[in-house]
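The values are calculated or read from the model by the stated rules, or taken from the named source; none is laboratory data. All of these numbers come straight from a predicted model, not from anything done at the bench. All Cβ positions, even for glycine, are placed from backbone atoms using ideal geometry, and neighbour counts span all protein chains on display. For accessibility, only protein heavy atoms count, side chains too; no ligands or nucleic acids. Shrake-Rupley method; radii C 1.70, N 1.55, O 1.52, S 1.80 Å.
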Amino acid sequence: MSEAISGLFWLRDPRLAPLALGPWPAWAWSLDGTRIFFANLTGAAIFGAETPAALAACRFEGSDVAAQVVRLAATLPEDGASRFERLRGFGAGLERTLTCRCARTQLSDGTDAILIAATEQAGPDLSLAERVAYLLAETEAPVAAFAPDGTLIEATADAQAHLAGARTLAALGAEALAADADSHAEGNTVAGRLTLDRVGAVLFATFGAAPAPAGRRQPLRFVWQIDADGRFTLDSEEFATLTGAHAVLGLAWTELSETLRLDPDGEITRALATRDTFSGITIGWPVDGDGAPLAVEISGLPVFDRERRFRGYRGFGICRDLARLNELAERAAMRPPAPAAPMQSTEPAPAAPTLDASPDYRDPAATTAEETEPAPSDTARAIGPVLDRLPVGILIYRLNELIYANRLFLRWTGYASVSALARAGGIESLLIGSGSVEPGEAPFTITSSQGESVPVAGHLFSVPWEGDKAFALITTPVASAPTPTEPPVESAALADAQAEIAELRAITDMVDDAIVVLDGELHITSANRRAAALFGGDPLVGAPFASLFAPASCDSALAQIAKLNEGGAGNAIEVIGRGREGTEIPLAMTVGRLGTDRLGIVLRDLSLARKHETELVAARLRAERQSVAKSEFLAKVSHEIRNPLNAIIGFSELMMEERFGAIGNDRYRQYLKDIHSSGGHIMSLVNDLLDLSKIETGRLELAFAGVALNDLIEQCVALMQPQANRDGIILRTSLSPRLPDVIADARSLRQIVLNLVTSSIKLTGAGGQVIVSTARAENGALILRVRDTGAGMSAQELADALEPLQQVSSRSGGSGIGLPLAKALAEANGASLRIESNRGSGTLIEVMFPRERVVG
């Protein structure tokens, strides 16, 4: 894939990087609105894209979303200044708009784009790990992402090779490097050259060349065997070289054990005498020229031939002392090689299907659950549905790694999954006390999860598996002659398969999508009930695939199949289907491969969706017309009111000052003050209504810059101090020192503070207090608090307080717009407003600016 499709490509762009891991959706659109160059995971999920490549393939020609982007491209300032807009169709739900910060920008690759970032929650709630995984999806570079505490979040396939099992930056020796990485750092680690880039709280590590090997990092494992005559051999040149064991190979185990004191407690000798399975017994293997023995854990199974004659033992060993192994390896490298003794006895024991003759075989009883947990491969996922339908039990494994078990094998053994079998001890747990078999067919017993013995006949095959070899154990139960109430195993398996087929067919008939299956010549071999109802007419089975489509869409549908055959992705495309009586049906078509020569086609009827889209567009146009009409009405009313209102306010001021003569009556002077105050109140109401209207229609122009919040609050409190003094209210501040600036529009932020303080003063009686404070939250957010000791508000009054033109109480006065306007202005500045209040306990109002709105 091209680098530009990768989510990591855009982390180099300073405007996109802060948005890449944000929880709220963000996009960079083409100027014509037809493509999305960049989106974070939430933004991509809103438009149904699961990967950056899927997002790059999305097109929006003719959509309402594209039309809004085109409008933004034509009206946004060329200098990159941002503007808040209320946009529809961006994940906020039906009939709702999403407040977004919009700006025209140029991306790091020189492309002109429209940057849209939501200022409120929309789309799915996704974890940080999911957002990081999206950025790394389809990335070929060796990149890993680490959390703030240094633990691994996600890594690409190439990075996994460099990590070599490490799960933290500490394990890589990169803690000091991470501490220096304010934004970027490079240095050497145990995993080679490492580059760290910080995006928010996440560190992205890019690996360079791997370091030279610094010694063994995994335990040493080997396979051993004892033949029918008791002679001991092992199949590991490395173990023999490190310990000097060449000289003792081929000796009888009893002689070897007595001479080297390998089994001082006699545990292994007793097991060999009784032909029992043993596991995890630790012995001390002597080392040439070294008085300290090497601790080795060994396990073994008895081996029998077809006639159940004992042929010896076969098992495996593991040494976990890495420091000692590395020490012995260094010593061995400094001495000349010893002549190699034969590694096999003259009459070797037959191989068992449960133990692979590889030095990397591990003892399942001695490994952790994490080590035995199988990781299903692509091959297993591809052939699993086929193997699940076979009337035989199938287990596929490589060394001690369980790769796959089909449904019937799991049913016979009583395990819920191949993972559960691995945790229970793997292959060894299945054959405890049953011996083993040669490759080919032979009867033996499987021990179920409940400890019951299940007699089976088994075939063991060596099969190619993803560039390596694996073993496939094919089993069928060995049963006595069936009784009238006990059907043959084959009949039971056939009945199971038929029941499963019927179940799957019933499921496909229940879905709302049309499903058809095609053969290699693109003829329909089966179709579900919805397909028959959608297309109707002649029987679908046997008809050519192209007959389902209108002539204009046949080529597109066939081209999608050709793309899949060439290895492309089966993404959904839109086509026109041919329904009953030739009617045209808009469809979304998805193609998938069912095997080597069959294809599955899913066709979704888009008619209802198209109808909903039409209704949504009509509803949006109605809402826009209503919004425009309201704005025009307010503008006209404002214009008509302002001139006479200015005259009333101006003349009342002249008369109050008695410039042209004394009034002569104190009551008239009081009336003039009331006239002047009422005029100012009406003017404030008009201004607030206009501001609220601009915010709702996305036309409020804001100039964002760093604002010293404490300084602004001090200015506002000084302005409101005379009013508080007149009402007998104590107005004071409690401001956190060394508070960083916030990114906000200074004028609207000042209006927020004044409206909140004014509201608190009006709701607080004489002798009460209003306290304005600031604080820094643990997550880096800045909080502005206005607390009063007034009577407080009930839940209903609190709801009324946030509705325009609603009076909270008879003594509150004001326009009833202060709090709703403050809330709208806070959201326009990327902040949130929250109110806590109860009757009799005052009111607390908080405005929180998130970490991304804080400078430093």
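Out of ALA502, ALA492, ALA527, I need the residue that is over 30 Å from PHE549 (Cβ atoms) and either within 37 Å of the chain's Cα centre (by Cα) or modelled with pLDDT of 80 or more (or both). Which one?
Sole residue among the options that is over 30 Å from PHE549 (Cβ atoms) and either within 37 Å of the chain's Cα centre (by Cα) or modelled with pLDDT of 80 or more (or both): ALA502.
So which residues in the stretch 244-291 are at positive phi and surrounded by 14 or more Cβ atoms within 10 Å (Cβ to Cβ)?
Once the filter is applied, which keeps residues that are at positive phi and surrounded by 14 or more Cβ atoms within 10 Å (Cβ to Cβ), the stretch 244-291 yields GLY244, GLY250, ARG275.
So which residues in the stretch 599-619 are under 18 Å from LEU98 (Cβ atoms) and either more than 33 Å from the chain's Cα centre (by Cα) or of a type in the set (Val, Ile, Thr) (or both), if there are any at all?
Listed by number, the residues that qualify are VAL617, ALA619.
Name the single residue, out of those in the stretch 751-776 being part of a loop (DSSP other than H, G, I, E, B) and modelled with pLDDT under 90, that is most open to solvent (accessible area, probe 1.4 Å).
The residue in question is ALA766.
Yes or no: SER553 in a helix (DSSP H, G or I) and in contact with a strand residue (DSSP E or B) (Cβ under 7 Å, 6 or more places away or on another chain)?
yes
Name the residue, out of THR241, THR282, THR254, THR269, that is assigned to a strand (DSSP E or B) and of a type outside the set (A, V, I, L, M).
Going through THR241, THR282, THR254, THR269 in turn, just one is assigned to a strand (DSSP E or B) and of a type outside the set (A, V, I, L, M): THR282.
Quick one: which of ARG88, ARG59, ARG96, ARG131 is surrounded by 14 or more Cβ atoms within 10 Å (Cβ to Cβ) and over 21 Å from the mean Cα position of the chain (by Cα)?
ARG88
Take the residues of the stretch 828-856 that are modelled with pLDDT under 90 and out of contact with any strand residue (DSSP E or B) (no Cβ under 6 Å at 6 or more places or on another chain): which is nearest to ALA746 (Cα to Cα)?
Ranking the candidates gives GLY856 first.
Does the stretch 688-738 hold any residues that are in a helix (DSSP H, G or I) and either on the phi > 0 side of the Ramachandran plot or of a type in the set (Val, Ile, Thr) (or both), and which are they?
Those that are in a helix (DSSP H, G or I) and either on the phi > 0 side of the Ramachandran plot or of a type in the set (Val, Ile, Thr) (or both): ILE695, ILE713, VAL717.
Please give the number of the condition GLY567 fails out of (1) in contact (Cβ under 8 Å) with a residue 12 or more places away in the chain; (2) closer than 22 Å to ALA53 by Cβ.
The one condition GLY567 does not meet is (1).
Quick check on the stretch 750-775: of everything there that is in contact with a Gly (Cβ under 6 Å, 6 or more places away or on another chain) and of a type in the set (A, V, I, L, M, F, W, C), which residue is farthest from SER832 (Cα to Cα)?
ALA766
Of all the residues that make up the stretch 570-585, how many are within 19 Å of ALA57 (Cβ to Cβ) and either free of Cβ contacts under 8 Å to residues at least 60 places away in the same chain or touching a Lys or Arg at 6+ places or on another chain (Cβ under 8 Å) (or both)?
Of the residues in the stretch 570-585, 5 are within 19 Å of ALA57 (Cβ to Cβ) and either free of Cβ contacts under 8 Å to residues at least 60 places away in the same chain or touching a Lys or Arg at 6+ places or on another chain (Cβ under 8 Å) (or both).
Tell me which residues, restricted to the stretch 292-310, are open to solvent by 50 Å² or more (accessible area, probe 1.4 Å) and within 13 Å of GLY244 (Cβ to Cβ).
PRO293
Taking only the stretch 737-766 into account, find how many residues are farther than 22 Å from ARG726 by Cβ and not small (Gly, Ala, Ser).
Of the residues in the stretch 737-766, 11 are farther than 22 Å from ARG726 by Cβ and not small (Gly, Ala, Ser).
Could you tell me whether the stretch 253-268 includes any residue that is within 30 Å of VAL456 (Cβ to Cβ) and not polar (S, T, N, Q)?
Checked against the condition, which is being within 30 Å of VAL456 (Cβ to Cβ) and not polar (S, T, N, Q), the stretch 253-268 yields at least one hit.
Restricting attention to the stretch 99-121, which residues are crowded, with 19+ Cβ neighbours inside 10 Å and modelled with pLDDT under 85?
Passing the criteria: THR99, LEU107, THR119.
Are any of the residues in the stretch 812-824 basic (Lys, Arg), open to solvent by 20 Å² or more (accessible area, probe 1.4 Å), within 38 Å of the chain's Cα centre (by Cα) and at pLDDT 90 or above?
No: zero hits.
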